[in-house]
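A short worksheet on the structure shown next.
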Amino acid sequence: MRKFLVVLDDTRECLNAMRYAAMRANHTRAGVAILSIIPPEEYQHWIGVAEIMREEARERIEAHFEVFAKWMRDRQGVDPELIIREGEPVTEILDVIRQDPQIGVLVLGAGTDKAGPGPLVTQMSRNSGNLPIPLTVVPGDMSKERLEAIT
């Protein structure tokens, strides 16, 4: 089964990327893999403190995931899987894509502020010619109705 890979983070635009991935998965009978990445700089403390911080980050991610997963299951009939990685975002995204041949599309949400679409969209767009799968960038301010119409 083909899967849409979507990145879960704390940005507002993440919501539209999640919606788009779930709706496309529903319409194409595909799956959704949700990737959340814990940056390495969060653990530059003593070992005991780093372990506590790592566990707290995982708990936050799992709670955040459950909100999206419930909506995907209830509204779209899609049961997403959660992947948690630690490291540099681009490296981890590419690694997950290489490890799972069922992942067919990477979905990212684009920020709407004047600073640009966001660092992840910028970095992945620069490398899009070398990606092994298509990249879909979903505008962060696109309405729910418009998302439904295009999926």
Handout entry: Per-region count, the stretch 85-96, residues under 12 Å from the mean Cα position of the chain (by Cα) and closer than 22 Å to VAL138 by Cα
Key = 5
Completion exercise
Within the stretch 113-130, residues being in a helix (DSSP H, G or I), in contact with a helix residue (DSSP H, G or I) (Cβ under 9 Å, 6 or more places away or on another chain) and farther than 12 Å from VAL90 by Cβ number 0
Exercise for the section: Starting from the stretch 98-119, keep only residues that are free of Cβ contacts under 8 Å to residues at least 12 places away in the same chain and of a type outside the set (A, V, I, L, M, F, W, C), then list their pairs with residues that are surrounded by 11 or more Cβ atoms within 10 Å (Cβ to Cβ) and not in a loop (DSSP other than H, G, I, E, B) whose Cβ atoms are within a distance under 7 Å, requiring at least 6 positions of separation or different chains. Expected result: GLY116/THR122
Handout entry: Verdict on LEU147 being assigned to a helix (DSSP H, G or I) and out of contact with any helix residue (DSSP H, G or I) (no Cβ under 7 Å at 6 or more places or on another chain)
Key = no
Completion exercise
(1) charged (D, E, K, R); (2) more than 14 Å from LEU8 (Cα to Cα); (3) at pLDDT 95 or above all hold for GLU81 apart from (2)
Practice task
Examine the stretch 39-57 for a residue that is closer than 24 Å to ARG75 by Cα and either at pLDDT 85 or above or in contact with a Phe, Trp or Tyr (Cβ under 7 Å, 6 or more places away or on another chain) (or both), and state whether such a residue exists.
Solution key: no
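The values are calculated or read from the model by the stated rules, or taken from the named source; none is laboratory data. Just so you know, these numbers come straight off a predicted model, no measurement behind them. FYI the Cβ positions are ideal-geometry reconstructions off the backbone, even for glycines, and counts take in every protein chain you see.
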